[in-house]
Amino acid sequence: MHYTVLGAGAMGLRYGVLLQEVAGMKVDFVDNWDPEVDTIHSQGGVYVSRDGEEKHLVPINIYRPEEYTGDPDAYIIFCKQMGLQKMLEQCAHFFKPHQYAISCMNGMGHIEKINQYFPKEHVLGGTALIATVLNGAGDVDFIGRPNTGTMNICPQTEVADDFTHQVVADFRAAHLNPNLTDNFVGTLMAKVTFNSVVNTLCTMFEITMGEFIASPVAEKLSKQLIDEAYTACEAAGIQLLNTREEEWESVVHVSRDANPLHYPSMYQDMSKNRPTEVDYINGYIYEVGHAHGFEASTHNFLRNLVHLAEFGKTFDMDAFRAEVLAR
């Protein structure tokens with residue numbers, strides 16, 4: 001199998017490197033962030049560490065969209081939700097009818113964009129409980145011991161063909177620990193619900209997942225958000241993959257046991273003054289409920305708090321102070 005990763009950020013690098021180095025697959029990478037492409041070219045690969053240790057260089061093939069001429073069996077898509085449309089447009093010239101698209105991106109909204117280029121019969125959606133940090137261009141840190149972390153994957157048609165089973169086998173060989181499901185939207189929304197709790201609250205209070213779950217109010221906060229998310233989905237006729245209690249147990253396990261020292265990706269975006277994906281996570285849950293007569297008000301409140309924090313991070317206080325003093 002030949003895979004091409006679209007978006008060589010933290011998760012794209014982790015999936016691609018493991019498929020290449022552990023499973024022995026042919027893997028290419030395509031990215032439109034110039035510092036990433038230029039740094040990896042100049043280094044001769046990407047620096048990979050695990051929990052900040054054993055940093056080593058892994059040679060990889062990376063291209064800008066306009067340069068790529070490969071013909072992979074499938075694309076693994078790991079872009080930020082806000083940049084996905086641009087990436088797909090830049091890459092459309094090398095998409096071919098026989099190819100599949102696989103995406104385990106955070107949030108919701110990406111499948112509709114992917115379907116503009118790939119029919120649902122060739123789309124696999126997934127969710128990844130796998131923590132990874134991009135320290136900088138050409139430098140990625142895999143969080144957690146080898147063979148830790150899990151993921152769910154589901155064909156958009158909810159019927160697994162031979163190609164899907166081969167992807168699952170390849171991902172298993174890469175130690176990504178895939179679980180094949182038959183509930184497409186429910187699978188994706190289960191991760192959105194998880195992220196709406198852990199990513200958002202850890203980001204707002206600048207704490208690790210372990211710090212969050214150790215808090216005496218973690219259960220109360222989590223269950224309030226989980227309950228709202230599930231009620232919103234039920235109003236929309238969406239059956240989630242897990243029960244409410246199982247979703248809470250997932251929050252506990254991943255935060256306490258799997259990734260206690262990890263700052264979620266939303267925090268990483270916020271800390272670097274980048275826009276977050278909160279509109280595609282808490283905001284999406286609110287919009288799903290609102291469209292069907294249920295107000296997930298806590299999710300909407302958190303969405304707006306994150307936007308307030310984003311504004312504060314980029315606000316030019318010196319210019320504002322000068323303006324006030326000049327009045």
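Inspect all residues belonging to region 200-209 and state whether any of them is of a type in the set (F, W, Y) and free of Cβ contacts under 8 Å to residues at least 40 places away in the same chain.
Scanning region 200-209 turns up at least one residue that is of a type in the set (F, W, Y) and free of Cβ contacts under 8 Å to residues at least 40 places away in the same chain.
With in a loop (DSSP other than H, G, I, E, B) and surrounded by 17 or more Cβ atoms within 10 Å (Cβ to Cβ) as the only criterion, which of L201, L188, L240, L225 stands out?
L240
Go through the residues of region 167-177 one by one and say whether even a single one is basic (K, R) and within 28 Å of T276 (Cα to Cα).
Looking through region 167-177, none of the residues is basic (K, R) and within 28 Å of T276 (Cα to Cα).
To keep it simple, each residue is scored yes or no on (1) in contact with a helix residue (DSSP H, G or I) (Cβ under 7 Å, 6 or more places away or on another chain); (2) among the aliphatic types (A, V, I, L, M); (3) open to solvent by less than 40 Å² (accessible area, probe 1.4 Å).
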residue	(1), (2), (3)
A101	yes, yes, yes
M108	yes, yes, yes
K113	yes, no, no
P119	no, no, no
D139	no, no, yes
P146	no, no, no
T150	no, no, no
E158	yes, no, no
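Please work out which one of (1) touching a Leu at 6+ places or on another chain (Cβ under 9 Å); (2) at pLDDT 95 or above is the condition T150 fails and give its number.
(2)
Evaluate the following for F163: is it among the aromatic types (F, W, Y), crowded, with 19+ Cβ neighbours inside 10 Å and either at pLDDT 95 or above or in a strand (DSSP E or B) (or both)?
No; evaluated as a whole, the condition is false for this residue.
The values are calculated or read from the model by the stated rules, or taken from the named source; none is laboratory data. Since we're looking at a predicted model, the values are computed, not measured. Every residue, glycine among them, receives a Cβ derived from its backbone with ideal geometry; neighbour counts consider all protein chains shown. Heavy atoms of the whole protein, side chains included, go into the accessibility calculation; ligands, DNA and RNA do not. Shrake-Rupley method; radii C 1.70, N 1.55, O 1.52, S 1.80 Å.
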